[in-house]
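Trainee: Got a structure for you, written out below as structure tokens; questions coming shortly.
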Amino acid sequence: MEHINNSYKANASGCNNLHESRFKILLFIFRLGGLPLKLQSGSRINAVYNAIILVCFYVNFVSLFMDTFVQRGQLMYAMKKLRMFVGLTMAVWMHLSIR
């Protein structure tokens, strides 16, 4: 009887590890994309850091757009900024789609 109880506890506790080992790559990709799947909540410092990074990213995106728009008369300068703006637009699109 003891053996049955011990094997049940071992199987019940290893359930999460089984899923973790089976879908390790897929869970890693989802977590890399920002989807919180069965993770412990982060600390307050991590939440503040994420908020600051997000604000800095979007401020940079808006300022790059404004600079490209203001300097549209100088073609070489505008093209350099437009190339960066297109890259940031793709990053914003991915961030908004995954979130």
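Just so you know, all these numbers are worked out from the coordinates, no wet-lab data involved. Here the structure is a predicted model, which means the values were calculated and not measured. Cβ placement follows ideal geometry from the backbone for every residue including glycine, while neighbour counts extend to all protein chains displayed.
Trainee: Once a ≥ b ≥ c are taken as the square roots of the eigenvalues of the Cα gyration tensor of the stretch 40-99, is the result rounded (a/c under 1.5), prolate (a/b larger than b/c) or oblate (a/b not larger than b/c)?
Mentor: In terms of gyration-tensor shape, prolate.
Trainee: Can you figure out the FRET efficiency of HIS95 with ARG22, using R₀ = 35 Å and their beta-carbon distance, to the nearest 0.05?
Mentor: E between HIS95 and ARG22, to the nearest 0.05, is 0.80.
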